[in-house]
Ligand SMILES: [Zn+2]
């Protein structure tokens, strides 16, 4: 057997181990019978013990910072060398799959195992973030906000379903929220951060590709609309004399779908509709509807929102229905670092894979880190486009491709030199 084939065999074996470990972690849960691991929960502690053990087997000493992130650093002999961060998260949504989050952490550990004693001109810090999904406190990214100095007193005062504030949950876990500014920030000299993550969408599966590099994480506009018509008797009011708020909203919802379907990279969703008074024999007087609009370019998203609001007003005006819109939230698109993204793309190419450019329709910790350090993301195919679901999957060959890409990047990355 020649050296190349034995090397590729060992990468395949490591990929299989990454998958086995994700599945083992999926058995550590706050809710028996499913995979649910919430921020600072008992299952999180057990998951961290196990991942900490795997870090130790890879020659790393793990520790927990004061927002509950599990961290370990592969040190380069030069103490003052810069640091590359490889990261993802260990918390999950309720009834989650095995790979959203843990995959990126276990790929990072596998890459370090594969490197063995190969010298690199930088330290590598692995960060397993403790809070990405926003389930327990109704607010995402708390732990990456802490790592980038963006966690505020308001964040720490947020309460969970039992009225427990973030700060108290941190203390109950044996950590000290007052030490967040000391123990949580990224190491000084961190020059880049990379997250490997499943796509959580269908595009790679549809194009039969293993990998993609993320160009940008989409911006999101969330609006609440009220269609205000006139409630009246469903039997005695002729069609020509009605102000039916539901008919106006219904026309608009179909127009939202049609418009987004014909606008490149735009997605728009009316996810919730509520009718007042909502009786079968009453013409709907008031309809409340939500609108979620996402696009990788902020200008395009703003243009789409403006157009869709005009459509709502037009659909209302046809029926004497007034439309009132309020903005619930605006989240800017976050481009990934161009130079690092290109390096990741080239690393995939050298490893024998074509990692297509893609944009992420979902939020990730990478958005938060990008504010502090050049950040890039590698996506792995989600078979069937399925995620946030117990049947979430990855293919072993794709995990091997991601591992080969990360290793190639690590071996070619030089913090002081452009490739
Ligand atoms: Zn995730």
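A few notes on this one:
- Tallying residues that are within 16 Å of the ligand (Cβ to nearest atom) and in contact with a helix residue (DSSP H, G or I) (Cβ under 7 Å, 6 or more places away or on another chain) within the range 97-120 yields 7.
Yes or no, residue by residue, for (1) in contact with a helix residue (DSSP H, G or I) (Cβ under 8 Å, 6 or more places away or on another chain); (2) assigned by TED's automatic domain parsing to the domain that holds residue 134; (3) farther than 16 Å from residue 131 by Cβ:
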{"residue": "154", "(1), (2), (3)": "no, yes, no"}
{"residue": "161", "(1), (2), (3)": "no, yes, no"}
{"residue": "165", "(1), (2), (3)": "yes, yes, no"}
{"residue": "176", "(1), (2), (3)": "yes, yes, yes"}
{"residue": "180", "(1), (2), (3)": "yes, yes, no"}
{"residue": "183", "(1), (2), (3)": "no, yes, no"}
{"residue": "187", "(1), (2), (3)": "no, yes, yes"}
{"residue": "190", "(1), (2), (3)": "no, yes, yes"}
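- When residues of the range 353-382 are limited to those that are farther than 21 Å from residue 203 by Cβ and more than 16 Å from the ligand (Cβ to nearest atom), the one nearest to the chain's Cα centre (by Cα): 371
- Residue 348 passes every criterion in (1) on the phi > 0 side of the Ramachandran plot; (2) touching a strand residue (DSSP E or B) at 6+ places or on another chain (Cβ under 7 Å); (3) in a helix (DSSP H, G or I) apart from (1).
- Those residues of the range 137-150 which are within 16 Å of the chain's Cα centre (by Cα) and over 26 Å from residue 80 (Cβ atoms), in sequence order: 138, 139, 140, 141, 142, 143, 145
- Residues (in a strand (DSSP E or B) and more than 19 Å from residue 413 (Cα to Cα)) located in the range 55-104: 62, 63, 64, 70, 71, 72, 88, 89
- Identification of helices (runs of 4 or more DSSP H) wholly contained in the range 112-215 with 2 or more residues that are touching a residue at least 24 places away in the same chain (Cβ under 8 Å) and buried (at least 20 other Cβ atoms within 10 Å of the Cβ) yields 142-147, 166-172.
- Some residue of the range 385-402 being in the same structural domain as residue 97 (by TED's automatic domain parsing), in contact with a strand residue (DSSP E or B) (Cβ under 7 Å, 6 or more places away or on another chain), more than 15 Å from the ligand (Cβ to nearest atom) and modelled with pLDDT under 95: no
- Test for residue 49: is it more than 16 Å from the ligand (Cβ to nearest atom) and either buried (at least 22 other Cβ atoms within 10 Å of the Cβ) or over 20 Å from residue 186 (Cα atoms) (or both): yes
- Flag if residue 313 is surrounded by 14 or more Cβ atoms within 10 Å (Cβ to Cβ) and either over 22 Å from the mean Cα position of the chain (by Cα) or outside the structural domain of residue 213 (by TED's automatic domain parsing) (or both): yes
- Residue, farthest from residue 184 (Cα to Cα), within the range 121-140, restricted to residues that are within 13 Å of the ligand (Cβ to nearest atom) and modelled with pLDDT under 95: 135
- Which listed residue is at pLDDT 95 or above, surrounded by 18 or more Cβ atoms within 10 Å (Cβ to Cβ) and not assigned by TED's automatic domain parsing to the domain that holds residue 103, from 295, 324: 295
The values are calculated or read from the model by the stated rules, or taken from the named source; none is laboratory data. Please read all numbers here as calculations on a predicted model, not as lab measurements. Cβ sites come from the backbone with ideal geometry, for glycine too, and all protein chains shown count toward neighbours.
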